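Step one of this worksheet: look at the structure below.
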Amino acid sequence: MTPLPLSVAIPTFGRDSVLTDTITALLAQQPPAAEILIVDQTPSHEPETERRLQQWHTQGAIRWIRKERPSQPAALNDALVQATQPFVLMLDDDIRIDPGFLAAHLDGFSDDDVWMVVGQVLQPGEQPLAGPVARDHGPMADLQFPFCSAEPAWISNGMSGNMTVRRERILALGAFDENFTPPVSYRFDTEMCKRLTRAGGRIRFQPSARIYHLRAERGGTRSVGSHLNSASPVHGVGDYYFALRQGISGPMLRYLLRRPIREVCTRYHLRRPWWIPVKLLGELRAMLMALQLLARGPAYPNTQR
């Protein structure tokens, strides 16, 4: 079949068999994507994974791009620059997909003003959520949008684990802001979505473009441990930085003030209250780091490479 005008971009870190299973599923799609880019930030793989990735790369089934410094925004920016197709689908590396998944993404680009299509994401044990979804408005809208929803919608947020973009539009916006601190980089994709809608683009939620997220125990953001009992700022800095980038407003200030309270109002901290000061220290450090990043300005890549 004629390949779709689509580049699939998968940033990966610390994954082996689950990564090769994801690639195998993508290679079996009909119609296929024109290319699959694996942006690999893993220092070393298991021998069988290394062999399969090299074999696929040599055969031209994938383009295997190696990077030394792990960063999801930077990896996706690299894929956007190197992609050859007008549409770029960004995916997690630990997923299952249905037949016709790739075509379902492109079906969402019904008009030129659709700059992004976001597909349904089902976490382990989740079922599609039927019925209308409660929505909010303003600069912080759709931050709680349920991506397991079964209803198509126009939204202002998205998850980069199942997201297709018009490549030229995203590059014109500067691509992803690499200030979002790896390896968590929380909210970097939401920040892009807000920038996109302010520029006049629209985001279509397409539930037929479904992934089943496996939440692999090793690799990815789970390589940094739990956020519940850590004083590290990496778990929260992206959220604070995202909010600050939206400009001063009532909703933004409420969001900033609620976050540290929300982060310690959990069953985990109710049962282990001695971790609350540790967690709040991490939140304070995250806010200070976010303010430093804001003062420095966004870190957009050189998209002319």
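The values are calculated or read from the model by the stated rules, or taken from the named source; none is laboratory data. Treat the numbers as computed from the prediction; the structure is a model and nothing was measured. Counting neighbours? That spans all protein chains shown, and the Cβs are built from the backbone with ideal geometry, glycine included.
The set of residues in the range 42-71 that are in contact with a Phe, Trp or Tyr (Cβ under 8 Å, 6 or more places away or on another chain) and modelled with pLDDT of 95 or more comprises LEU53, GLN54, TRP56, HIS57, ILE62, TRP64. Here ALA216, ALA209 are screened, and the one residue that is at pLDDT below 90, assigned by TED's automatic domain parsing to the domain that holds GLY158 and not in a helix (DSSP H, G or I) is ALA216. Pairing each residue of the range 40-54 that is touching a residue at least 24 places away in the same chain (Cβ under 8 Å) and surrounded by 12 or more Cβ atoms within 10 Å (Cβ to Cβ) with any residue that is in a loop (DSSP other than H, G, I, E, B) and of a type in the set (Val, Ile, Thr), provided the two are 6+ apart or on different chains, yields C-beta distances under 9 Å for THR49/THR42; LEU53/ILE62.
The residue list PHE13, PHE87 contains one member that is modelled with pLDDT under 95, assigned by TED's automatic domain parsing to the domain that holds THR190 and not acidic (Asp, Glu), which is PHE13. Per the listing GLY131, GLY119, GLY158, GLY125, the residue uniquely within 27 Å of GLY14 (Cα to Cα), more than 19 Å from the chain's Cα centre (by Cα), of a type in the set (Gly, Ala, Ser) and not assigned by TED's automatic domain parsing to the domain that holds PHE242 is GLY125. For the range 154-181, the candidate set comprises residues that are assigned to a loop (DSSP other than H, G, I, E, B) and of a type in the set (D, E, K, R); within that set, the residue that is farthest from PRO86 (Cα to Cα) is GLU178.
Selection of the range 14-28 for residues being within 22 Å of THR2 (Cα to Cα), hydrophobic (A, V, I, L, M, F, W, C) and not in a loop (DSSP other than H, G, I, E, B) yields ILE23, ALA25, LEU26, LEU27. Could you check, for the range 29-37, whether at least one of its residues is of a type in the set (A, V, I, L, M, F, W, C) and part of a loop (DSSP other than H, G, I, E, B)? No, that holds for no residue.
Here is a yes/no grid of residues against (1) of a type in the set (Lys, Arg); (2) closer than 25 Å to PHE180 by Cβ; (3) out of contact with any strand residue (DSSP E or B) (no Cβ under 8 Å at 6 or more places or on another chain); (4) at pLDDT 95 or above:
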site	(1), (2), (3), (4)
ALA243	no, yes, yes, yes
GLY247	no, yes, yes, no
MET252	no, yes, yes, no
TYR255	no, yes, yes, no
PRO273	no, no, yes, no
LEU281	no, yes, yes, yes
